[in-house]
Amino acid sequence: MIGRLKHISLTTFITLSIFALVYTSCKKDTYTYIDECKNVTCQNGGTCFKGQCSCPAGFEGENCESAWLSRYLGNWQVDEVVSLSNRNGRQGQTSRYNMTIKKNGGSNTGFLIDNFMGNADYNNVPCRVAVKQDGGSDSPTNFIFTAQHPISNSIIVIEEGDGTVNYLGNVLSGKYTVFYTQLITPDSPIVVRETISFTATQ
């Protein structure tokens with residue numbers, strides 16, 4: 001009798017163990033998938049990853065809604081000073097004029113300056129945003145002049161230059177170096193090289 005009870009108990013134990021094993025094996029894990037980008041709309045070609053927008057060059061903001069160039073475009077009042085010059089009497093000279101910054105075609109990072117150096121014929125001077133001439137971070141508030149660029153309708157060449165704009169986009173500052181040939185006498189040309197510092201406000 002006792003042996004029979006042991007046999008029944010053992011059989012019951014084995015049966016329950018097998019059932020538990022089968023039940024556990026067949027039970028599927030359940031989880032809820034959360035799409036972190038479901039309610040995120042990235043603009044201007046931005047892409048969403050883990051709920052945040054990754055913006056292409058030329059745009060910033062939570063949804064890539066702000067263009068880098070928006071800080072630069074418009075009319076500016078410029079104050080300049082010739083900080084270095086090998087031409088007699090030029091160093092320390094100051095000037096004030098208005099210039100206009102406009103977008104460079106379809107570029108999201110390029111702009112053009114009209115009325116450069118206060119000359120109505122010096123237009124379409126090219127610059128590029130998010131780079132810095134002398135190193136440092138590639139910030140959208142940094143820009144450079146296109147190096148070795150001849151200014152239209154003149155003998156002046158921009159050797160190099162760079163600058164910054166503040167975050168609000170109402171103060172622009174920097175420096176650039178130009179060179180040009182000047183005739184002292186018909187037989188005595190000299191190459192004038194000048195570095196000019198500037199601050200501009202809107």
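What aspartates and glutamates could a cross-link reach from Lys103, if we take a straight Cα to Cα line under 14 Å and drop same-chain neighbours fewer than 8 places away? Excluding near neighbours in sequence, the set is Asp114. In this Cβ point-charge picture (+1 for Lys and Arg, -1 for Asp and Glu), segment 69-201 has a dipole of about 240 debye about its Cα centre. Rounded to the nearest 0.05, the FRET efficiency derived from the C-beta distance between Gln148 and Asp187 at R0 = 22 Å is 0.20. Given their separation in residues at 0.36 nm each and the Cα-Cα distance between them, Val157 and Ser173 gain 3.8 nm when the chain is fully extended.
For Thr199 and Ala57, the FRET efficiency from 1/(1 + (r/R0)^6), where r spans their Cβ atoms and R0 equals 25 Å, is about 0.40. Under the criterion of Cα pairs below 8 Å and six or more residues apart, the relative contact order for segment 59-111 equals 37 percent.
No value in this document is a laboratory result; all are computed from the given coordinates. If you're wondering where the values come from, they're calculated on a predicted model, not measured in any experiment. Every residue, glycine among them, receives a Cβ derived from its backbone with ideal geometry; neighbour counts consider all protein chains shown.
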